[in-house]
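Student: Provided herewith is a single structure, encoded as structure tokens, for subsequent inquiry.
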Amino acid sequence: MQNSTLLKTGVIGTVVAALCCFTPVLVVLLGAVGLSALTGFLDLVLFPALAVFLGITVFALWKKTKR
């Protein structure tokens, strides 16, 4: 994977996961479609996803500065 693609994936994923973690965007969307019972499990998915995407972003930036 190219460095620019890796960086874009990391940044976009981090922003989306952060929006869903720290704002009620996903809770409102799940409530609108009738899946509000799943909101209790969001932390089990979103926090690890945020950590993974932050890791991808840091790795891409490290790779970019190394070159």
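Values quoted throughout were computed directly from the atomic coordinates according to the rules given, and no laboratory measurement underlies them. Nothing here was measured: the structure is a model prediction, and the numbers come from that model. Neighbour counts run over all protein chains shown; Cβ positions are idealised from the backbone, glycine included.
Student: Has the range 31-38 got at least one residue that is touching a residue at least 12 places away in the same chain (Cβ under 8 Å) and of a type outside the set (Lys, Arg)?
Tutor: no
Student: Restricting attention to the range 6-28, which residues are part of a helix (DSSP H, G or I) and out of contact with any helix residue (DSSP H, G or I) (no Cβ under 9 Å at 6 or more places or on another chain)?
Tutor: 22, 28
Student: Could you go through the range 52-67 and let me know if any residue there is surrounded by fewer than 13 Cβ atoms within 10 Å (Cβ to Cβ), outside any helix (DSSP H, G or I) and in contact (Cβ under 8 Å) with a residue 24 or more places away in the chain.
Tutor: yes
Rundown of residues vs (1) within 28 Å of residue 61 (Cβ to Cβ); (2) surrounded by fewer than 10 Cβ atoms within 10 Å (Cβ to Cβ); (3) charged (D, E, K, R), yes/no style:
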position	(1), (2), (3)
10	yes, no, no
14	yes, no, no
18	yes, no, no
22	yes, no, no
26	yes, no, no
29	no, no, no
33	no, yes, no
36	no, no, no
43	yes, no, yes
